[in-house]
1. Once the piece of chain linking residue 57 and residue 69 is laid out straight, how much longer is it, given 0.36 nm per residue of separation minus the C-alpha distance between them?
2. Tell me which label goes with the value of Rg and Dmax of the Cα atoms in Å computed from the coordinates here: [x] 14.7, 48; [y] 13.4, 50; [z] 17.0, 50.
3. Report the FRET efficiency, 1/(1 + (r/R0)^6), for residue 37 and residue 77, where r is their Cβ-Cβ distance and R0 is 30 Å, rounded to 0.05.
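No lab work stands behind these numbers, since they all come straight from the coordinates. Just so we're clear, the structure is a prediction, and the values are computed from it rather than from any experiment. As a convention, Cβ positions derive from the backbone with ideal geometry for all residues, glycine included, and neighbour counts pool all protein chains shown.
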C-alpha cells in the first residue's frame, strides 16, 4: 500500500514525543505537524532530521483505513487507548 495523496493522518492524529526541527518537545495529538506541506506531504521525508518514529511508519489498512477521515478517527482512538493515564489523586505512580 502507498500513502494516500492528501491524507497526512499519521502526521496529525498521534502525538510525537521525539524532538524535531521547530518542535523541540515533539507534537501533541490532533495537531498537524509543522512539517506537513499544503498537500499533507512531509517536508522532512528522506532527511536525517525526520524522527525515527515517523520513519518507521508504513502505510497499511490498519493505520490508513478506507479514507482520510476514517484514518484520523482510528488513529485518534489508538492515541487515546495508548496514552498514559494519570493515577487517581493520592495514589502513588510507578
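1. Working it through step by step, the gained length comes to 2.5 nm.
2. Read-out from the structure maps to [x].
3. 0.70
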